[in-house]
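I have placed the structure first, in the form of structure tokens, so that the comments after it can refer back to it.
Where a number appears in this text, it was derived from the coordinates with a stated rule and is not lab data. As the structure is a prediction and not an experimental result, all values here were calculated from the model. Cβ sites come from the backbone with ideal geometry, for glycine too, and all protein chains shown count toward neighbours.
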Amino acid sequence: MGTSINVRDLPYLTHVPVDGRIVPIVNYYDVTAKRFFTYIPISTDANELWVLPPDAVVEGIYFSGEPADDQDSRLPFLETVLQHLSFPEVISAVWNAQADLVNGLASLHKYFVLLDYASVHKDNSYMGMMRTEIEYAFTNHRAFYDCLHRIIKTIHERFQPRASELPRLSFHDVAKKDETVLALTHLLPQSLIDFYKGHEKKFKLLRDIRGEVIHSGYTPGKTGIYLLPREGFAISVDSRLAKRLGDFNLWPSNLLKDNRLGSVLAILEFLVSDMFNAMREAGIAFVNYFAKFPPRPIAARCELFLRSPLARHLVSLDKYRERHWFDPKDALGITEAN
């Protein structure tokens, strides 16, 4: 199995909290040795950890002074939470938020995998598969925001025990409240009020689309998903779905194809970018929340990074937004299997 260490000897640890926080057990990348270390608890004793053999980490988050690869992405919000606010009731929501973000990246990856397949095979099943992927992307986006809300709610109520309890599960139930109620009844600081209210309109529109999918049987793209081989999947920008997304300007006229066809990639990119930006903004809101007396970091010399075979899409979001149309082999970095 490997050697074992005490949790206090974790190489990224610079402070053992005594304020109710726990030490999060994550991977570590040693910049000097250029190798990963992975730790798992021994039985039920969380203080003793197995150190696994130094195989490369394929997917997960890790602490390090710098990324192990240029495609690994820093996660500022989750870093803020794990460094300063790692209370037991928060940790599970952190893992769920990370999973939802990776799920969004998986939707982008499946888009290109399906495009590569459909471009060389006479199989019109791509239409149904692409429709279900769009449905899933909206549902995953909603789940991510509710998870983000649970993190905020748990932390805020720990530090503001006199505050009236926030709604338990729903981001929307907080965002729709009047700012005065959020400030005087729930004692939210202005930075978090601005975060909720700043996302209210966008979240409600996307939530409503998801609600119609889950509760009313609405199928996004049912009027047509079109294949442009080696370029992308498309929908009419005059379709019901595209019109409902019109305020977000996803389809600049210079990126439209003939017959006013717009890329489906623009929808998937928009949803993932919004999730990532929401994480970043929530992190800034928390930094402002604890501007004077932030809890001491547990890994002061490290930052938190995401490593995943899907991470290439996170670092390519700007490119996807600017171009829309891609040969799937280029987007996937496909090489022949041995």
Value at 222 nm in deg cm²/dmol, rounded to 500, when DSSP H runs of n ≥ 4 in the chain each add -39,500 (n - 2.57): -15000 deg cm²/dmol
Excluding LYS202 itself, calculate the net charge of residues whose Cβ lies under 10 Å from the Cβ of LYS202, where each Lys or Arg counts +1 and each Asp or Glu counts -1. 0
Considering only LEU148, LEU310, LEU241, give the residue with the highest GNM mean-square fluctuation for the chain, with springs between Cα atoms whenever their separation is below 10 Å. LEU241
At what distance in angstrom do the alpha carbon centres of segment 289-318 and segment 60-79 lie from each other? 6 Å
Fraction of alpha-carbon pairs over 23 Å apart in segment 1-99 - percent: 24 percent
Distance (nanometres) between label positions extended 7 Å along Cα→Cβ at ARG260 and ALA300: 6.0 nm
Around ARG230 (Cβ within 10 Å, Cβ-to-Cβ, excluding ARG230; K/R +1, D/E -1) the net charge comes to -3
Could you run the Debye sum over the Cα atoms of the chain, one equal point scatterer each and no solvent, and tell me log10 of I(q)/I(0) at q = 0.15 Å⁻¹, two decimals? -1.26
Hey, what angle do you get for helix 265-289 against the long axis of the chain, alpha-carbon based, 0 to 90 degrees rounded to 10? 30 degrees
At 7 Å along the Cα-to-beta-carbon direction for both ALA163 and VAL287, put a label point, then send me their distance in nm to one decimal. 2.0 nm
Cα-Cα longer than 30 Å, checked against LYS122/LYS201; LYS177/LYS257; LYS204/LYS319; LYS202/LYS329; LYS176/LYS319, kept in input order, equals LYS122/LYS201; LYS177/LYS257; LYS202/LYS329; LYS176/LYS319
Hey, what did segment 1-113 get for relative contact order, percent, Cα under 8 Å, at least 6 apart? 26 percent
For SER253 and VAL18 in the same chain, what is the full-extension length gain: residue separation times 0.36 nm, less their Cα-Cα distance, in nm? 78.9 nm
Computed over the chain: longest principal axis from alpha-carbon atoms vs helix 126-159 long axis, angle to nearest 10 degrees, is 30 degrees
Test item: Cα-centred dipole of the chain, Lys/Arg +1 and Asp/Glu -1 on Cβ, debye: 780 debye
To make sure I understand, if each residue's beta carbon is the centre and we count other beta carbons within 10 Å, what order do VAL264, VAL90 fall in, fewest to most? VAL90, VAL264
Dipole axis of the chain (+1 Lys, Arg; -1 Asp, Glu on Cβ), positive-most option in SER239, PHE195, VAL90: SER239
Using Cβ contacts closer than 10 Å as the measure, can you line up THR132, THR32 from fewest to most? THR32, THR132
Under a GNM of the chain (C-alpha, springs under 10 Å), which listed residue has the highest mean-square fluctuation: ALA93, ALA300, ALA234? ALA300
Cβ-Cβ FRET estimate between ARG74 and ASP30, R0 fixed at 25 Å, reported to 0.05: 0.90
